[in-house]
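The values are calculated or read from the model by the stated rules, or taken from the named source; none is laboratory data. All values derive from a computational prediction rather than experimental measurement. Using ideal geometry, Cβ is built from the backbone for each residue, glycine included, and neighbour counts are taken over all protein chains shown. For the accessible areas, the whole protein counts, side chains as well, though only heavy atoms, and no ligand, DNA or RNA atoms are used. Shrake-Rupley method; radii C 1.70, N 1.55, O 1.52, S 1.80 Å.
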Amino acid sequence: MSRPDGSTDRTPGREPLLSVSDLRTVFYTDKETIHAVDGISFDIYPGETVGLVGESGSGKSVTARSLLGLVDEPGVVEEGTLEFKGEDLLETGWAEYRGDLSIVFQDPSNALNPVYTVGNQIREALAIHQGLRGSAARERAIELLEAVGIPDAPRRVKEYPHQFSGGMQQRAVIAIALACDPDLLVCDEPTTALDVTIQAQILDLLDELQREEDLAILFISHDMGVIEETADRINVIYAGEIVERAPTERLLAAPEHPYTEALLNSIPGRTPPDQRLPTLDGEVPTPDGPAESCRFAPRCPVAVEECHETPPDAVAVGENGTDHSAACLLAGESEPEGEQ
Ligand code: ADP
Ligand code: MG
């Protein structure tokens, strides 16, 4: 399928589980119109982890909420298609697919209901999405808590969220998400609120669950270091647009967009300081109208005049059919070799 931006990340012979095309989500506030997600496209295949990375305010959470049908007023998903298992969710609605798509948010304490036990909340999901009740549900709830690495699960299942540590709470949230038996798990900064050791444990857990359950995961983070560890393929988002996309190894080895380079430079120890681009000042702009130039140009260390005048299209920059594209006027122009 060709998209309005001409990009494709299709793998021949395989059908994506979710195909997002030209998604546009707009917030109409009293003061302004915010084009939070401004025409993004990407695919997720069964069983893979796709990364979505960009600084705070770039549109990651709005993307996640758009996929799940959770955009609230004054937001509207205005355009695009979300093809899931062959149907456009924007046409069919989510009711039929509720359990198939699950989301894990950043803050587990908000996701859990304080007045019900953890077991209760897992069993509720099991009842709704898998029709399990009674002792079958009780046993499955304990199994799920064990699967997410909660020790002494038969006792813990009867406890309330406040009796769990932050890391344990996030494990419980993941258990509830799994109780829906999803095909796609959207993880929106699932480890950002946790300390580094717990973060590593949760990442290992997701990795393990993915292999066991053949889950597809959309992993969202502002942290390129975390994305690099988890994702098979990476989409880089800036001010509501995907500015670069490539398989992880390729993106790390040969980033084409200066923004991607800046994110990679932020991974401690990756680039010797003398070879780095200057660190980025400023913030992601809020897209309040259609793009009339490259939205990154004002912060870009290598921008030329044209960058301030023309919005760049995504162009294929992959070698030998590698799925690699970048929306930068300078992409594909490799530096002259042998010159200083
Ligand atoms: P992040 O990449 O940090 O997750 P978000 O997706 O949360 O970023 O936000 C992207 C943009 O959308 C921001 O400019 C933000 O101000 C705007 N936005 C998000 N939610 C709302 C809302 N409810 N009302 C108005 N603007 C919003
Ligand atoms: Mg967010």
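Annotations for the structure displayed:
- Among the residues of the range 91-143, those that are of a type in the set (S, T, N, Q) and within 28 Å of Thr81 (Cα to Cα) comprise Thr92, Ser102, Gln106, Gln130.
- Residues of the range 215-233 satisfying the condition of being in contact with a Ser or Thr (Cβ under 7 Å, 6 or more places away or on another chain) and of a type in the set (Asp, Glu): Glu228, Asp232
- Single match in Gln163, Gln170, Gln106 (criterion: of a type in the set (S, T, N, Q), buried (at least 21 other Cβ atoms within 10 Å of the Cβ) and closer than 30 Å to Asp223 by Cβ): Gln170
- The residues in the range 318-329 that are in a loop (DSSP other than H, G, I, E, B) and modelled with pLDDT of 95 or more can be counted, and the count is 4.
- Asp43 closer than 22 Å to Glu228 by Cα, touching a Ser or Thr at 6+ places or on another chain (Cβ under 6 Å) and not small (Gly, Ala, Ser): yes
- Hey, Pro312 part of a loop (DSSP other than H, G, I, E, B), touching an Asp or Glu at 6+ places or on another chain (Cβ under 8 Å), buried (at least 17 other Cβ atoms within 10 Å of the Cβ) and not polar (S, T, N, Q) or not: no
- Qualifying residue in the range 82-100 (condition: open to solvent by less than 30 Å² (accessible area, probe 1.4 Å), touching a Pro at 6+ places or on another chain (Cβ under 8 Å) and of a type in the set (Gly, Ala, Ser)): yes
- Pairs linking a residue in the range 176-199 that is at positive phi to a residue that is open to solvent by less than 20 Å² (accessible area, probe 1.4 Å) and at pLDDT 95 or above, with Cβ atoms under 7 Å and 6 or more positions apart or on different chains, are Glu189/Ile220; Glu189/Ser221.
- When restricted to residues that are open to solvent by less than 40 Å² (accessible area, probe 1.4 Å) and either out of contact with any Leu (no Cβ under 8 Å at 6 or more places or on another chain) or hydrophobic (A, V, I, L, M, F, W, C) (or both), the range 222-232 contains 5.
- Scanning the range 150-160 for residues that are in contact (Cβ under 8 Å) with a residue 40 or more places away in the chain and either in contact with an Asp or Glu (Cβ under 9 Å, 6 or more places away or on another chain) or surrounded by 19 or more Cβ atoms within 10 Å (Cβ to Cβ) (or both) turns up just one, Val157.
- Of all residues in the range 193-204 being of a type outside the set (S, T, N, Q) and open to solvent by 10 Å² or more (accessible area, probe 1.4 Å), the one that is farthest from ligand 2 (Cβ to nearest atom): Asp204
- Qualifying position, being open to solvent by 20 Å² or more (accessible area, probe 1.4 Å), at pLDDT below 90 and within 27 Å of Asp43 (Cβ to Cβ), among Glu241, Glu249, Glu212, Glu256: Glu212
- Residue pairs meeting the criteria (Cβ under 8 Å; at least 6 apart or on separate chains; first on the phi > 0 side of the Ramachandran plot, in the range 228-254; second within 12 Å of ligand 1 (Cβ to nearest atom) and of a type in the set (Ser, Thr, Tyr)): Ala239/Ser58; Ala239/Thr286; Gly240/Ser58
- Looking at Thr33, Thr8, just one residue is polar (S, T, N, Q), at pLDDT below 95, surrounded by fewer than 22 Cβ atoms within 10 Å (Cβ to Cβ) and away from ligand 2 (no atom under 16 Å from the Cβ), and that residue is Thr8.
- Output for the range 38-75, where each listed residue is part of a strand (DSSP E or B) and either more than 9 Å from ligand 1 (Cβ to nearest atom) or at positive phi (or both): Asp38, Gly39, Ile40, Ser41, Phe42, Asp43, Ile44, Thr49, Val50, Gly51, Val53
- Members of the range 76-110 found to be free of Cβ contacts under 8 Å to residues at least 12 places away in the same chain and within 16 Å of ligand 1 (Cβ to nearest atom), listed by number: Asn110
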